[in-house]
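Visitor: Below: one structure in structure tokens.
The values are calculated or read from the model by the stated rules, or taken from the named source; none is laboratory data. Every value quoted in this text rests on a predicted model; they were computed, and no experiment measured them. Counting neighbours? That spans all protein chains shown, and the Cβs are built from the backbone with ideal geometry, glycine included.
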Amino acid sequence: MTSKKTLYDSVEKNWVRQNLWIPVLKKLVSEKSRVKSLEMLGETPEVWWEQVSHHNSKTAVDVTGVALDRPSKQAGRCRKVFYGRLSDLINRPVFTKTFPYDLINLDYYGGGRWFSEKFRSDKIGEIFKVISLNLKKNNSFYFLLTLETNDLIYPWYKHSTDVITQNPVFPETVKFLNSINKSERWNLWLALIGNAFEIIGYCLKKGFHCELLGSPCTYIGESTSHKSRMLVYSFHVSELEKKTSAESLYKKSLNIIKKTRFIKYAKTSGKIGTLSLG
Ligand SMILES: C[S@@+](CC[C@H](N)C(=O)[O-])C[C@H]1O[C@@H](n2cnc3c(N)ncnc32)[C@H](O)[C@@H]1O
């Protein structure tokens, strides 16, 4: 385990790749002869998906990359690369016709990018559009999402039909928040719950079932000058089975979110910890 801590390659980020992303890709590779994936590209020449695709020569993993800045060091590892903001790309037919994907990894910047006007943007619209483009053509796919707390989908969209207050599991959510002793963590928990409920609610509205594959993860991402708390989710979106009620779906999700893993690398021991209720 390396102690290197940069925006792209921290120990915590690597833990997320190994424990959240790679198992999803392994599952897809074991089920399909070709896996199509959409990925936000990083600035290291190595790519995480080759840890799976190189070991399974039978399945082709076709990656379409998206990056803000050109050229991307990972471009050569992709079938196609689109440069630009996702919010612009989703309006370009040359990009939208690449849908559907089996795996979508919206791995947004962290490390305090919100301090720069250039990187500040509300992401809910583009996230919903990407989901919508995909579920029109694919009735089962995996969706990975990494945000920083400034990207809080939930508080930015707080309104009278708030996804938490209007939710069938609002009483359970309040009970859970009241059980948390560290009151300074309430906003973080609201974000963890609210972001997931926004996405689950959007899929429900479209007639799809969106399930958390495991508990979300959170860690501190660092860049050269700033730190920010990252939130990581993994979802499976599939056709809604009539027997699943919205209430049971939210209840199940809340119970999974309550076990959010707080990932922390201890330099002294060289170990990575995954605390719950941090
Ligand atoms: C954290 S890195 C991706 C790391 C990569 N997934 C990996 O694991 O190695 C985030 C990348 O997403 C791209 N990005 C961030 N915000 C974006 C946006 N709004 N639209 C398009 N690309 C974006 C940037 O090019 C940036 O390099």
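Visitor: Take VAL29 and tell me if it is free of Cβ contacts under 8 Å to residues at least 40 places away in the same chain and not charged (D, E, K, R).
Guide: Working: free of Cβ contacts under 8 Å to residues at least 40 places away in the same chain: yes; not charged (D, E, K, R): yes.
For VAL29, the condition - free of Cβ contacts under 8 Å to residues at least 40 places away in the same chain and not charged (D, E, K, R) - is met.
Visitor: Please work out if SER228 is modelled with pLDDT of 85 or more and either surrounded by fewer than 16 Cβ atoms within 10 Å (Cβ to Cβ) or out of contact with any helix residue (DSSP H, G or I) (no Cβ under 6 Å at 6 or more places or on another chain) (or both).
Guide: On the way: modelled with pLDDT of 85 or more: yes; either surrounded by fewer than 16 Cβ atoms within 10 Å (Cβ to Cβ) or out of contact with any helix residue (DSSP H, G or I) (no Cβ under 6 Å at 6 or more places or on another chain) (or both): yes.
Taking the combined requirement at face value, the residue satisfies it.
Visitor: Something else: Looking only at strands (runs of 3 or more DSSP E) that fall completely inside the stretch 54-124, which ones have 2 or more residues that are within 8 Å of the ligand (Cβ to nearest atom) and among the aliphatic types (A, V, I, L, M)?
Guide: On the way: elements: 60-67, 80-83, 103-107.
Here the list reads 60-67.
Visitor: Still on this model: Name the residue that is nearest to PHE141 (Cα to Cα), counting only residues in the stretch 32-53 that are of a type in the set (D, E, K, R) and part of a loop (DSSP other than H, G, I, E, B). I'd like the intermediate steps shown before the answer.
Guide: Initially, the stretch 32-53 is screened for residues of a type in the set (D, E, K, R), giving 32, 34, 36, 39, 43, 46, 50.
Applying the additional criterion that residues be part of a loop (DSSP other than H, G, I, E, B) yields 32, 43, 46.
Details: LYS32: 12, GLU43: 26, GLU46: 25 Å.
Going through the qualifying residues, I end up with LYS32.
Visitor: Go through the residues of the stretch 200-214 one by one and say whether even a single one is of a type in the set (Asp, Glu), over 25 Å from ILE180 (Cβ atoms), in contact with a strand residue (DSSP E or B) (Cβ under 9 Å, 6 or more places away or on another chain) and not in a loop (DSSP other than H, G, I, E, B).
Guide: First pass over the stretch 200-214, keeping only residues of a type in the set (Asp, Glu): 211.
Imposing the further condition that a residue be over 25 Å from ILE180 (Cβ atoms) reduces the set to none.
No, every residue in the stretch 200-214 fails to be of a type in the set (Asp, Glu), over 25 Å from ILE180 (Cβ atoms), in contact with a strand residue (DSSP E or B) (Cβ under 9 Å, 6 or more places away or on another chain) and not in a loop (DSSP other than H, G, I, E, B).
Visitor: Is it true that ASP151 is buried (at least 19 other Cβ atoms within 10 Å of the Cβ), of a type in the set (D, E, K, R) and modelled with pLDDT under 85? Can you show your working first?
Guide: Numbers: buried (at least 19 other Cβ atoms within 10 Å of the Cβ): yes; of a type in the set (D, E, K, R): yes; modelled with pLDDT under 85: yes.
Considered against the rule, which asks whether it is buried (at least 19 other Cβ atoms within 10 Å of the Cβ), of a type in the set (D, E, K, R) and modelled with pLDDT under 85, ASP151 comes out as yes.
Visitor: Does LEU240 satisfy the criteria of being surrounded by fewer than 18 Cβ atoms within 10 Å (Cβ to Cβ), touching a His at 6+ places or on another chain (Cβ under 6 Å), of a type in the set (A, V, I, L, M, F, W, C) and farther than 27 Å from VAL174 by Cα?
Guide: Yes; evaluated as a whole, the condition is true for this residue.
Visitor: Now a separate question. If you check every pair at least six apart or on different chains, which have Cβ atoms under 7 Å apart with a residue in the stretch 72-96 that is closer than 26 Å to GLU50 by Cβ and among the charged types (D, E, K, R) first and a residue that is surrounded by fewer than 14 Cβ atoms within 10 Å (Cβ to Cβ) and at pLDDT below 95 second?
Guide: LYS73/GLU43; LYS73/THR44; LYS73/PRO45; ARG77/GLU50
Visitor: Taking the conditions exactly as written (in contact with a helix residue (DSSP H, G or I) (Cβ under 6 Å, 6 or more places away or on another chain) and crowded, with 19+ Cβ neighbours inside 10 Å), does PHE99 satisfy them or not?
Guide: yes
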